[in-house]
Amino acid sequence: MKLLIASDHAGFALKEKLKHKAAILGVTFEDLGTDSENSVDYPDYAKLVCEKLLRDQNNTLGVIVCGSGVGVSIAANRYAGIRAVLAESEEVAKLGREHNHANVLCMGSRIVSEEKATAILKAFLSAQPEAGERHLRRIEKLGKEGKTS
């Protein structure tokens with residue numbers, strides 16, 4: 001499993017902590033930025049994760065952190081082939097991965113604590129997409145371009 005991870009300035013501190021936790025879990029990761037708490041634009045970092053994920057799809061997932069998680073989840077879901085879940089609980093992260101085949105996890109550093117974010121990340125990484133007909137039928141309706149039918 002490889003993890004692509006990025007944040008804006010508001011998510012920088014939590015991103016750094018999640019990198020440490022990923023390393024402890026034995027997860028290989030690539031940090032796509034930002035590298036400080038200096039103000040940056042979250043869509044730029046969502047773009048880096050999504051474009052690289054779409055190129056490297058094999059056994060790769062993404063994590064993007066901003067202040068609320070909302071901005072990066074909106075930005076990420078604009079990319080065809082990306083299914084980003086905004087998770088504030090382990091259950092949402094798990095179900096997003098299992099039922100919706102989410103390949104990007106979005107979190108808000110102002111919303112979840114480091115402890116909660118770690119638990120959410122673990123839940124996301126340990127869940128597997130379910131191949132049940134009802135899930136696949138619904139995902140297919142999202143279409144290859146990521147648009148609803």
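The values are calculated or read from the model by the stated rules, or taken from the named source; none is laboratory data. Small disclaimer: the values here were computed from a predicted structure and weren't measured. Neighbour counts are summed over all protein chains in view; Cβ atoms, including those assigned to glycine, are modelled from backbone coordinates with ideal geometry.
Got a sec? Which of Glu98, Glu114, Glu145 is surrounded by fewer than 22 Cβ atoms within 10 Å (Cβ to Cβ), over 17 Å from Pro43 (Cβ atoms) and modelled with pLDDT under 95?
Glu145 is the lone residue from the list that is surrounded by fewer than 22 Cβ atoms within 10 Å (Cβ to Cβ), over 17 Å from Pro43 (Cβ atoms) and modelled with pLDDT under 95.
Against the conditions (1) of a type in the set (Gly, Ala, Ser); (2) under 10 Å from Met107 (Cα atoms); (3) surrounded by 22 or more Cβ atoms within 10 Å (Cβ to Cβ), where does Ser89 fall short? Just the number, please.
Condition (3) is where Ser89 drops out.
Identify all residues within the stretch 29-73 that are farther than 18 Å from Ala102 by Cα, touching a helix residue (DSSP H, G or I) at 6+ places or on another chain (Cβ under 8 Å) and polar (S, T, N, Q); write none if there are none.
Result: Thr34, Ser36.
Of all residues being more than 11 Å from the chain's Cα centre (by Cα) and not acidic (Asp, Glu) in the stretch 94-107, which is nearest to Lys141 (Cα to Cα)? Just the residue, please.
Checking each candidate, the answer is Asn100.
Asn77 is checked against (1) without any contact (Cβ under 8 Å) to a residue 60 or more places away in the chain; (2) surrounded by fewer than 24 Cβ atoms within 10 Å (Cβ to Cβ) and fails just one. What number does that condition carry?
(1)
Any residue that is small (Gly, Ala, Ser), modelled with pLDDT of 95 or more and surrounded by fewer than 18 Cβ atoms within 10 Å (Cβ to Cβ) - is there at least one of those in the stretch 48-64?
Within the stretch 48-64 (the criterion being small (Gly, Ala, Ser), modelled with pLDDT of 95 or more and surrounded by fewer than 18 Cβ atoms within 10 Å (Cβ to Cβ)), the answer is no, since none of the residues qualifies.
Pull up the stretch 125-142, narrow it to residues that are in a helix (DSSP H, G or I), at pLDDT 80 or above and among the hydrophobic types (A, V, I, L, M, F, W, C), then point me to the one that is surrounded by the most Cβ atoms within 10 Å (Cβ to Cβ).
Leu125
Is there any pair linking a residue in the stretch 85-113 that is hydroxyl-bearing (Ser, Thr, Tyr) to one that is crowded, with 18+ Cβ neighbours inside 10 Å, with Cβ under 7 Å and at least six apart or on different chains, and which?
Ser89/Ile120; Ser109/Ala10; Ser109/Gly11; Ser109/Leu14; Ser109/Val65; Ser109/Gly67
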